[in-house]
Structure formats: C-alpha cells, structure tokens
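Enquirer: I have a structure I would like to understand better, so I am pasting it below and will then ask my questions one at a time.
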Amino acid sequence: MIALLQRVSEARVTIEGGVAGRIDRGVLVFLGVEKDDCLARARRLCERVLNYRLFADQQGKMNLNVRQAGGALLVVSQFTLVADTGRGNRPSFSNGASPEMGEQLYEYFVGQVRDSGVVCETGQFGADMQVSLTNDGPVTFWLQT
C-alpha cells in the first residue's frame with residue numbers, strides 16, 4: 001500500500017458538485033492499493049500514518065503526529081499511485097489491486113483510522129473526484145508498506 005501524505009491547513013473533496021469530505025488542519029492522505037496488499041499491510045500503513053510526525057511542536061520541530069496536533073484526516077483513494085512509470089510515455093497499472101480488493105482495503109484503512117478516534121473524512125472509492133487543498137509548508141511524504 002502507498003500513502004501520499006500532505007499536511008494541510010484545509011482540504012476538501014467534491015463529487016458532482018457536492019462536498020463529500022472536508023477537513024481543516026490535518027493530513028490529506030491519497031491511498032493506493034497494490035495487488036499484493038492485505039489487511040496486515042493496511043493496518044501497518046494506518047499505524048504509520050497516524051503516528052507519522054508531520055506537525056511542529058513548540059520548538060518548531062516536526063515532532064507531533066496528527067492526533068497530538070488535534071488534526072483530522074481526509075482519505076482519498078488514488079489508484080494512479082501504484083502506476084509503474086519506469087518506461088515509455090504511458091503508465092502501467094499492472095501492480096494495482098482489483099477494484100474489489102482495493103475498495104475492501106481502502107474501507108478497512110478508513111475504519112482503522114476512525115477506530116483510533118481521529119476524525120476521518122473521505123472521498124468515494126472509484127468516483128471522479130475533485131480535490132482542493134492548501135498544503136501547509138509545503139509538507140508532503142510518501143509512505144509505502
């Protein structure tokens with residue numbers, strides 16, 4: 001699994017003109033599921049995302065995770081993260097999970113976040129979404145399990 005994390009001061013996802021999910025301070029998580037992923041990998045990636053120190057402490061050091069900073073998560077499925085772009089001019093998606101498996105692991109990841117007590121908004125798996133954000137920093141990290 002792949003998570004592209006962006007620390008945001010605000011972010012929202014809209015579908016067909018309606019807001020599906022919106023957060024203020026927190027982390028926008030673009031989530032990609034690969035064909036070899038499983039529940040254990042999803043759980044591990046969720047732990048990493050929740051514990052990753054993206055926010056500044058009182059000394060200005062990135063020492064606080066989203067929970068400690070009082071932030072929220074906006075989780076958006078993004079299958080293009082798993083693309084193989086190593087050759088040619090067209091990405092290959094052969095590393096991607098099937099839509100059924102991708103949705104199952106996406107929903108599991110979101111459930112794990114919500115079970116942790118962190119506020120979690122989402123897009124809609126497989127939908128055509130428009131994502132708006134204000135990247136704070138900018139701060140962006142790539143995590144993979």
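Enquirer: Got a number for residues in region 1-25 being of a type in the set (Lys, Arg) and surrounded by fewer than 16 Cβ atoms within 10 Å (Cβ to Cβ)?
Expert: Matching residues across region 1-25 total 1.
Enquirer: Would you check which residues across region 80-93 are surrounded by fewer than 21 Cβ atoms within 10 Å (Cβ to Cβ) and either in contact (Cβ under 8 Å) with a residue 24 or more places away in the chain or at positive phi (or both) and list them?
Expert: Thr80, Leu81, Gly88
Enquirer: Let me ask something else. Being in a loop (DSSP other than H, G, I, E, B), in contact with a helix residue (DSSP H, G or I) (Cβ under 9 Å, 6 or more places away or on another chain) and aliphatic (A, V, I, L, M) narrows it down to one residue among Val49, Val118; which is it?
Expert: Val118
Enquirer: Okay, moving on. I'd like the full set of residues that are outside any loop (DSSP other than H, G, I, E, B) and out of contact with any Lys or Arg (no Cβ under 8 Å at 6 or more places or on another chain), limited to region 54-99.
Expert: Result: Ala56, Leu73, Val75, Val76, Ser77, Phe79, Thr80, Leu81, Val82, Asp84, Ser92, Pro99.
Enquirer: Next question, about the same structure. Of all residues in region 130-145 being under 12 Å from the mean Cα position of the chain (by Cα) and of a type in the set (S, T, N, Q), which is nearest to Glu47 (Cα to Cα)?
Expert: Among them, the one singled out is Gln144.
Enquirer: Restricting attention to region 1-34, report how many residues are without any contact (Cβ under 8 Å) to a residue 24 or more places away in the chain and touching a strand residue (DSSP E or B) at 6+ places or on another chain (Cβ under 7 Å).
Expert: Residues that pass the stated criteria total 1.
Enquirer: On to the next question. Looking at region 48-59, is at least one residue touching a residue at least 60 places away in the same chain (Cβ under 8 Å), surrounded by fewer than 23 Cβ atoms within 10 Å (Cβ to Cβ) and under 19 Å from Phe79 (Cα atoms)?
Expert: No.
Any read-out appearing in this document is the output of simple, stated calculations on the displayed coordinates, not a laboratory observation. Predicted model only: the values in this text are computed from it and were never measured. Cβ atoms come from the backbone with ideal geometry, glycine included; neighbour counts cover every protein chain shown.
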